[in-house]
Every structure is written in structure tokens, then in C-alpha cells.
1. Count, please, the residues in segment 102-142 that happen to be aromatic (Phe, Trp, Tyr) and either modelled with pLDDT of 90 or more or under 30 Å from residue 170 (Cα atoms) (or both).
2. Which of (1) within 28 Å of the chain's Cα centre (by Cα); (2) in a helix (DSSP H, G or I) is the odd one out, the single condition residue 151 does not satisfy?
3. Please name all residue pairs, on different chains or six or more residues apart, with Cβ atoms under 7 Å, provided the first residue is in segment 34-47 and is in a helix (DSSP H, G or I) and the second residue is of a type in the set (Asp, Glu).
4. On the given criteria, is residue 136 out of contact with any helix residue (DSSP H, G or I) (no Cβ under 6 Å at 6 or more places or on another chain) and more than 30 Å from residue 51 (Cβ to Cβ)?
5. What about residue 96, is it farther than 30 Å from residue 171 by Cβ and in contact with a Leu (Cβ under 7 Å, 6 or more places away or on another chain)?
6. I'd like to know if segment 21-30 contains one or more residues that are in a loop (DSSP other than H, G, I, E, B) and either more than 18 Å from residue 86 (Cα to Cα) or touching a Gly at 6+ places or on another chain (Cβ under 7 Å) (or both).
7. Could you check, for segment 122-137, whether at least one of its residues is within 19 Å of the chain's Cα centre (by Cα) and not in a loop (DSSP other than H, G, I, E, B)?
8. On the basis of being under 20 Å from residue 30 (Cβ atoms), within 24 Å of the chain's Cα centre (by Cα) and not in a helix (DSSP H, G or I), does residue 59 make the cut?
Amino acid sequence: MKIGYIRISTLDQNTARQEVLMEALGVDEVYIDRMSGKSADRPEMRRMLEYVRRGDTVVVESISRFARNTRDLLELVERLTEKGVEFVSQKEAIDTTTPTGKFMLTVFGAVAELEREYILQRQREGIEIAKQQGKYRGRKPLVPPGFQEMVARWKKGEITAAEACRRLGISKATFYRKVK
């Protein structure tokens, strides 16, 4: 059975391109995560890893959609291999059933990790330049809906801080920090 795994980094991105590819490759089942690849705890990845069985093939559009660093990539592929599952990355033409494919997997994994590090480095440099020019002030703080009302009720003694936190869905540290 062919199992597809799709990941996009943000909710603003679209899965259509990867979904079209999976359909063209005759993938039977598709798992889609909408979150950053730097997190190893991805719900659909976890479900997919539990689902796959001996003889299945996991297909991804590219290594960067599957893992962001070499260590994670190799660990994920090792987990698949232990279950008797093959791994295919379409963009890099990698197939782990061959020695060359395993070698290429390691090389491309290292390149993907290097690319990610370059992106982060450029981002840090850009932020530093923007700060020096006074154009960057960081992310705007988020205030949960109803926060001011809860603070007013808390100050009047109508509710406890713990109750306000529970209703707002925030931690006590966040509550007290935002109250200042």
C-alpha cells in the first residue's frame, strides 16, 4: 500500500500541489500536517507511523516536507525500515530499498538541514538589521478575548486569578504578566 505524507508549515500555505502529486503517484492513504517541520511531535506523522505495515511504501514530495534535520530524517526512516516499510522522496528521487538510495538519503538530509540553518541565519540577520533601523519591534503581544473583563472582575474580587486563567485558557504567569 502507498501511504502519502504531506506537510505545510503554516495554515496560510496550500496542500494542493502535494495532493495532486500524491494522486498522480497512486497513493492510497494521505496524512496531512499543517505545522512547522521543526516540531518532531506532529499528530498526522504519528498516526501515519502507527498505521504503516510491512510492505507499505511511504511517499513524500520532498525530504524537507518529512524532516528538517538529518538526525530526525534518519531516525524516521529507521523506524519505517524496522517495520518493513519503504521510503520514497519524489523530488530527490530517493528510494530506500537500494544502497544508493540510502546513501542519497543521508546526503540530501544533510543538505536540507544546511538549507534550514541558512534560512534561520538570514532571518536572524534580517531581524538584526530591521532592529538597527527601528523597523522591527518583535511580535505584537496577543491578548485573549475577554481579558480586560476578567481582569476587572478579578480586581473587584468577583473571581480568583486561577478562575480567570481557566476561563481565558492561559497560565497564571501569562495572566500576571499581562495584568502589569
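The values are calculated or read from the model by the stated rules, or taken from the named source; none is laboratory data. It should be emphasised that the depicted structure is a prediction, and the values quoted were computed from it without experimental measurement. Counting neighbours? That spans all protein chains shown, and the Cβs are built from the backbone with ideal geometry, glycine included.
1. 2
2. Answer for residue 151: the failing condition is (1).
3. Pairs found: 43/33; 44/33; 45/33.
4. For residue 136, the condition - out of contact with any helix residue (DSSP H, G or I) (no Cβ under 6 Å at 6 or more places or on another chain) and more than 30 Å from residue 51 (Cβ to Cβ) - is not met.
5. yes
6. yes
7. Yes, segment 122-137 contains at least one residue that is within 19 Å of the chain's Cα centre (by Cα) and not in a loop (DSSP other than H, G, I, E, B).
8. So residue 59 passes the test.
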